[in-house]
Structures are given as C-alpha cells and as structure tokens.
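Single-structure report; data block below.
The values are calculated or read from the model by the stated rules, or taken from the named source; none is laboratory data. Values in this document were obtained by computation on a predicted structure and should not be read as measured data. Neighbour counts are summed over all protein chains in view; Cβ atoms, including those assigned to glycine, are modelled from backbone coordinates with ideal geometry.
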Amino acid sequence: MTVQALPLWSKLAAKGAPHAFDLELTARCNNDCRHCYINLPSGDATAAAAELGLDEILGIGREAVDMGAVWCLLTGGEPLLRADFGDIYLGLKRLGLLVGVFTNACLVTPAHAELFRAYPPRDIEVSVYGVTRETYEAVTRRPGSHAAFLRGLDLLAEAGVKVRFKAMALRSNLGEFAEIAAFCRERTADFYRFDPLLHGRFDGDAVRNAEIEAERLPPEELVALERADPERFGALERGCTDGMVFQPSGEHDGCDHLFHCGAGQGSFTVGYDGTFRLCSSLCHPDTVYDLRRGTLREAWVEWVPHVRDLRGSDPEFLQKCRRCSLVDLCLWCPAHAALETGSMDAWVDYFCRVAHARAGALGIDG
C-alpha cells in the first residue's frame, strides 16, 4: 500500500534528507579478482538481464535529487562494461548531480577519456592491484589486464582527467605494496588510500569466499603494513587522540541496537538489480528494499528507520562487541558480520584480532 505523500514528506523533513548515493551499474566485471565481493563474469547473461535500465536509473536519480541528493557514485562490478555508460553518466549530470566513478581503468577508451574531459566527474577512483604485470595479473587473473590498466590511466592523464587511487592489501600483492604506494603517490597529488578489509561475497559463494579468506593478511601483518605507512598510521593515532575510540560506558553500554554507524544516515546504495541498501555492504535479506516494487522515498522514510531499529540477541555479540572499547579500530559492523557469518549480530574472531593488534600498536588497552 502506498503511503500518503504528506506524511512521507513530514517524516523526511524530520529525519533528514539523503545527500549522496552509490549506484551499482552492474555486478559484472572484465577482471576476475581473487578478493572481489561482487564480480560476476562480463558475459553473465542473467546478471545483465537483472540490471536496471537507463530509464530506471534516471528515474531513481530524479527522485533522489528531489529528496535532496547532490552526489552519486557509479560503481560495480566494472561500470564501464555498460554500453550505455555515457548516457547514464550524462543523464545523471543533467539532473544536477555531482557524479563520481569507481573503475579498474582497463576498459577506458578515448571516448571515455573525452567524455570525462568535456564533462568532468566529481572524482574518478582507480583500483591498483600491483605495479608489475606478474603481481597485477595474479590478482585479476586476466592476461593483458596490466597493459590495459596502464593504457587506461594514460588516456585519462592525456585528457587531463584527475584520478584518485585505491589499493587493496592482499596476500598476493603484499610484497609489492611499497611500490604500489609509490606508484599511486607519483601519479596523483590528490588522494591515495589503501584498504585492508576483505569481506565476504554478496552472493555467499563458498569457493570465492575461501579465496577471499586466503588473501587476507593476518592481523599482525596488517598492522605492520599500516605502521609502515606514516600517513595511514598517523591517521589512526590522531583519531585515537581526538577521542575516536568508543568508550562503552553510558547510553550505549550493553545496548542491543545493531546500528551505531552511519548506514542510512545521509546516504544509501542502489544495487544493480534495483535493491535499496542502507550502505554498500549491507545485503542481509532482512535489510534490503526492492525499488522496482516501491519508491525511493518510501524506502528512505519507512524502510530505513525499520532497519536501524533492528536489535541483536546473540549473547556473545552483546557481551563482547557491545561492551568493547575498541569498536572504532575494528572491522566489525552488522553488514560485515552478516557477510562473514550470515548473521548481523555475530562476533567475528578475525575482526576482533585485528582490533586488538591495532590497539597494541597504538599502545591502547582494550
């Protein structure tokens, strides 16, 4: 049943409007990265058939703008696989949105570079899997992908398009990580980040999840990598100095609410198949909303509060996670716990060990 417009707008005004959203254009990818949580083969006909069409995407974008959104991130899979990428990109920009793009750069063509030159994105972030061909293609498992990656970067640079970089810390590229950092910082004065979090697959594929786990760094190695990067480790130290580490005494002590994060608070994600999610990683079936059967405004106003009010009941979670002073050094969140275990209120040993290893490096008792 459709809720009347006036109450929806009243609740929206009271709750706050979304300012940004991620839009997965596809789950398909030209690469087959060992650590990836979403990628399906580029020729997967079932996945392609489930993708939102241009009109559906622009309809969602229009509704998001009407609600107050100003920024949209196009991601995937690999968004440049879409033959209609240019129409999507320009269509969203014509709605007044600032549009960003996450890409591996391997599929960048002169036409893409010209599109971004003529109509600059808010930002383009490119994933760097390795500097040498051997390391890069050990991750992507696609012969020729390293050359394609470099060619794509050159096309963007020649067009004057600014690029940011991201690197995943993996078992497969750990030996080359200092070179990866240098490569990224040499090619952009703007931004470089690396991410140590490898979470489970959205589709729960057991074989692929085993590959992801094999790529994870043990907590001690992860922390050693962070300590080797002064900017990265300095950010952790400053955060702790500024009171980042959560002290559980007070109103949240033993609280059973699952969500104390920013999921659904100012932003959201739309999956390639039209599913609304409070954040990019939150795929638990109890938390998704089908935009092909309802409106974005209904999802934002009615569904988000419902999800954020979900409670945990697992005793181990309540005793360990909800009373832990190291939560902001931890990889745990309801979304990641669900991808790891199937349950949003599960304690996860690996996440806990990472938090304690970080605390030890920072000289924090926890």
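Do you know which of the residues in segment 30-49 that are surrounded by 15 or more Cβ atoms within 10 Å (Cβ to Cβ) and aliphatic (A, V, I, L, M) is farthest from Gly274 (Cα to Cα)? Let's see the steps before the verdict.
Residues of segment 30-49 surrounded by 15 or more Cβ atoms within 10 Å (Cβ to Cβ): 30-40, 42, 44, 47-48.
Then drop every residue that is not aliphatic (A, V, I, L, M), which leaves 38, 40, 47-48.
On the way: Ile38: 15, Leu40: 17, Ala47: 12, Ala48: 13 Å.
Filtering first and then ranking leaves Leu40.
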Where in segment 112-198 are there strands (runs of 3 or more DSSP E), lying fully within it, with 1 or more residues that are of a type in the set (Ser, Thr, Tyr) and touching a strand residue (DSSP E or B) at 6+ places or on another chain (Cβ under 8 Å)?
-> 123-127, 192-195
Count of residues meeting criterion [aromatic (Phe, Trp, Tyr) and closer than 18 Å to Val223 by Cα] in segment 142-189 = 1
Across segment 109-139, what is the number of residues that are over 22 Å from Trp71 (Cβ atoms) and crowded, with 23+ Cβ neighbours inside 10 Å?
-> 5
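Just a yes or no: is a residue in segment 354-364 assigned to a loop (DSSP other than H, G, I, E, B) and within 27 Å of Pro230 (Cα to Cα)? Walk me through it before giving the result.
Restricting attention to segment 354-364, the residues satisfying the condition of being assigned to a loop (DSSP other than H, G, I, E, B) are 363-364.
Filter once more, so that each one left must be within 27 Å of Pro230 (Cα to Cα): 363-364.
Yes: one or more hits.
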Neighbours by Cβ (under 7 Å, 6+ apart or cross-chain): first from segment 148-165, touching a residue at least 24 places away in the same chain (Cβ under 8 Å); second aromatic (Phe, Trp, Tyr) and surrounded by fewer than 20 Cβ atoms within 10 Å (Cβ to Cβ) | Arg164/Phe191
Thr103 versus (1) surrounded by fewer than 18 Cβ atoms within 10 Å (Cβ to Cβ); (2) within 25 Å of Trp71 (Cβ to Cβ); (3) of a type in the set (Ser, Thr, Tyr): which is the lone unmet condition?
-> (1)
Quick one: in segment 309-324, which of the residues that are acidic (Asp, Glu) and surrounded by fewer than 16 Cβ atoms within 10 Å (Cβ to Cβ) is modelled with the highest pLDDT?
-> Asp309
Identify the residue in segment 260-308 that is among the hydroxyl-bearing types (Ser, Thr, Tyr) and not in a loop (DSSP other than H, G, I, E, B) and, among all such residues, is nearest to Asp328 (Cα to Cα).
-> Ser267
Segment 69-79, residues that are closer than 16 Å to Gly271 by Cα and either buried (at least 22 other Cβ atoms within 10 Å of the Cβ) or at pLDDT below 95 (or both) = Cys72, Leu73, Leu74, Gly76, Gly77, Glu78, Pro79
Single residue of segment 140-155 satisfying the filter (under 20 Å from Ala178 (Cβ atoms) and not aromatic (Phe, Trp, Tyr)) that is surrounded by the fewest Cβ atoms within 10 Å (Cβ to Cβ) = Leu150
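Which ones in segment 17-26 are under 15 Å from Phe85 (Cβ atoms) and not charged (D, E, K, R)?
Looking only at segment 17-26, we keep the residues that are under 15 Å from Phe85 (Cβ atoms), and these are 23-26.
Leu23, Leu25, Thr26, listed by residue number.
Looking at Val327, is it modelled with pLDDT under 90, among the β-branched types (Val, Ile, Thr), closer than 26 Å to Val223 by Cα and surrounded by 15 or more Cβ atoms within 10 Å (Cβ to Cβ)? Break it down into steps so the answer makes sense when it comes.
Working: modelled with pLDDT under 90: yes; among the β-branched types (Val, Ile, Thr): yes; closer than 26 Å to Val223 by Cα: yes; surrounded by 15 or more Cβ atoms within 10 Å (Cβ to Cβ): yes.
Considered against the rule, which asks whether it is modelled with pLDDT under 90, among the β-branched types (Val, Ile, Thr), closer than 26 Å to Val223 by Cα and surrounded by 15 or more Cβ atoms within 10 Å (Cβ to Cβ), Val327 comes out as yes.
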Pull up segment 57-81, narrow it to residues that are under 26 Å from Asn39 (Cβ atoms) and in a loop (DSSP other than H, G, I, E, B), then point me to the one that is farthest from the chain's Cα centre (by Cα).
-> Glu78
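Would you check which residues across segment 247-269 are surrounded by 15 or more Cβ atoms within 10 Å (Cβ to Cβ) and at pLDDT below 55 and list them?
Scanning segment 247-269 gives a single hit, Pro248.
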